[in-house]
Amino acid sequence: MVTEVTDQEPVLVLNEKKYIINDLSDEAKACIIQLQNVQGQMNQTTSTFEQLQMAFNGFNEKLAELVEETDAETVN
């Protein structure tokens, strides 16, 4: 689903067909709003996941350094 503005009218592109949003039913308009909200949440979730993945990798690297440091001290 994509929405675009053509000649100042919002247009929905769905399954390769274009629909003028103002001509759609209120229920269809509500679905568009919900889909836009869900897409925003999905984008936010993706961003949060990427941040968490970076944090996980950083803590994993730090743990490896600490364990290897302790291992090196034990050998000496």
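Comparison of 36, 51 shows that the only residue that is at pLDDT 95 or above and open to solvent by less than 100 Å² (accessible area, probe 1.4 Å) is 36.
For segment 10-25, a tally of residues being assigned to a helix (DSSP H, G or I) and open to solvent by less than 60 Å² (accessible area, probe 1.4 Å) returns 1. Residue check: residue 3 meets all listed conditions (1) assigned to a helix (DSSP H, G or I); (2) of a type in the set (Ser, Thr, Tyr); (3) open to solvent by less than 90 Å² (accessible area, probe 1.4 Å); (4) at pLDDT below 95 but one, namely (1).
Going by the conditions given, is residue 38 of a type in the set (A, V, I, L, M) and outside any helix (DSSP H, G or I)? Full working, then the answer.
Details: of a type in the set (A, V, I, L, M): yes; outside any helix (DSSP H, G or I): no.
For residue 38, the condition - of a type in the set (A, V, I, L, M) and outside any helix (DSSP H, G or I) - is not met.
May I ask you to verify whether residue 69 is out of contact with any His (no Cβ under 7 Å at 6 or more places or on another chain), modelled with pLDDT under 95 and surrounded by 10 or more Cβ atoms within 10 Å (Cβ to Cβ)? For residue 69, the condition - out of contact with any His (no Cβ under 7 Å at 6 or more places or on another chain), modelled with pLDDT under 95 and surrounded by 10 or more Cβ atoms within 10 Å (Cβ to Cβ) - is met. Pairs meeting the criteria (first residue in segment 29-54 and among the aliphatic types (A, V, I, L, M), second residue open to solvent by 100 Å² or more (accessible area, probe 1.4 Å) and not in a helix (DSSP H, G or I), beta carbons under 8 Å, at least 6 apart or on different chains) are lacking.
The values are calculated or read from the model by the stated rules, or taken from the named source; none is laboratory data. None of the values given here were measured: they were computed from a predicted structure. Note that we place each Cβ from the backbone using ideal geometry, even for glycine, and neighbour counts take in every protein chain shown. Calculation scope for accessible area: heavy atoms of the full protein, side chains included, ligands and nucleic acids excluded. Shrake-Rupley method; radii C 1.70, N 1.55, O 1.52, S 1.80 Å.
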